[in-house]
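One structure is given below, encoded as structure tokens.
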Amino acid sequence: MAKWKSLFDNISLAGIGFFLDNKHTYKGTAFQTVFATLRISFARRSFFPLHHYSAVMKRSIIILLFISVLLPVRADKAQSQSITDNHHPREFIFPDVPGFHTMSADLHIHTAFSDGHVLPRIRIQEAVRDRLDAISLTEHIEYLPHRDDIPLPDRNRPYEVASQLAQNEDLIIINGAEITRGMPPGHSNAIFLEDANKLVVDDVLDAYKAAAAQGAFIFWDHPSWKRQASDAIPPFSDMHREMIADGLIHGVEVVNHHRFSEEALQIALDYDLTILANTDVHGLIDWDYDTEDGGHRSATLIFAEERTKEGLKEALFDGRTVARKDHFLIGREEHLVPLLQACLVVTGSSYLPNTEVLELEITNLSSNRFILENISEYSFHLHTQVFEVEPFETMSILVKTVNVLDEISLPLRVLNAVMAPRTSPSITLESVME
Ligand SMILES: [Zn+2]
Ligand SMILES: [Zn+2]
């Protein structure tokens, strides 16, 4: 398998090197399709690890490669086209990080079973379109406004229905529910439930205890929700502290729907809570997130040892997450930096002829746009100190190294990511010159 892996890695990189020009466009139609497909396959290695490729798929890839090599390159005639044409911007595509599969999940979703406006089938189709790995339908335990028309005597039905509908999809369904109480403690989701009916109790703490007794992962929902916090500052209380200490709260939404809360992020860092982003969607993802116009939902990236429900659960309890709102990433440095390093890779480096100006080719392997700031000792020749890399784009920056170097480590700050309130992480692009 190692042989396959390195062969494909090399072919993929060769493809990038040969067929991307300096204007960040992708030329040559047959080559484009083959190599774009390969590159995306590698970006999504978590979803299609090579050892899972069937013999037929491997053979198909080899045949495609062979055909592509036989075709003449007509870059001059081929029309320029961006690689992003192969993907809808709503899709969550992120490379794996060392030691972990990068998975994506929306763990706070409503349907008409509680106060949402659609049935579970729509939720499954939305998640498949977004290429999420997992969702949880988390109906309110205490609030069932459609009860007269859609009674819910068994609180596990949303999970059962969704599991049935998702049987043939590459989508993990997690049993969950929203404990919906006044502040404190407000609303919390309990997921990985065995029996959601056990949460239908009078005392609020008994509901949390019933969830914890099932090994559920419990997180504080929308802590800055204005209806429970008029100043939109999370009303973090002694009750919350005690519940965290007692193992009744394990995470917090730093992003709920469109809203990001710096204060919630600080609480997560101070109390070792898992950082989450969810939609809490009641209507349609397409309407709430303007997917027709390039938008995508909020969701959490989760770094799992194995690509299973158990792997997700273990990762969530261990806090291995990055929250995503629009193109903004929020997480602990230890999780954020490896992700950013995996997304942004150097795919070429060489000096412009007879100069000390280094052309560094950077490829973004993810569906996230990045805003980068030059914090190196060198200045740039083409770009200003702040520049952007679009999803799946390959671009060149020109670095004035003054002397000709054998290798370079270029530190960049990622401005559209935070590892603490208003604190952006840095990555290093490293390359040995060709
Ligand atoms: Zn709620
Ligand atoms: Zn909710």
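What follows draws every value from the coordinates through simple rules; no lab data is involved. Being a predicted model, the structure only gives us computed values, none of them experimental. Cβ atoms come from the backbone with ideal geometry, glycine included; neighbour counts cover every protein chain shown.
Observations on the model:
- Under 12 Å, Cβ to Cβ, from Leu415 - net charge with Lys/Arg +1 and Asp/Glu -1: +1
- ³J(HN,Hα), Karplus 6.51/-1.76/1.60, whole Hz, each residue of the stretch 336-348, x for Gly, Pro: 6, 5, x, 5, 5, 5, 6, 6, 10, 10, 7, 10, x
- What separates the Cα centres of the stretch 97-113 and the stretch 404-428 is a distance of 27 Å.
- Cβ-based exposure ranking for Phe317, Phe328, in which fewest neighbours within 10 Å come first: Phe317, Phe328
- Relative exposure of Trp220, Trp225, Trp287, judged by other C-beta atoms within 10 Å (fewest first): Trp287, Trp225, Trp220
- Positive minus negative residues near Ile371 (Lys, Arg vs Asp, Glu; Cβ under 15 Å): 0
- Alpha-carbon centroid distance for the pair the stretch 125-172 / the stretch 182-233, whole angstrom: 18 Å
- Neighbourhood charge, 10 Å Cβ-Cβ cut-off, centred on Asp280 and excluding it, Lys, Arg +1 and Asp, Glu -1: -4
- In terms of other Cβ atoms within 10 Å, Ile330, Ile249 run from fewest to most in the order Ile249, Ile330.
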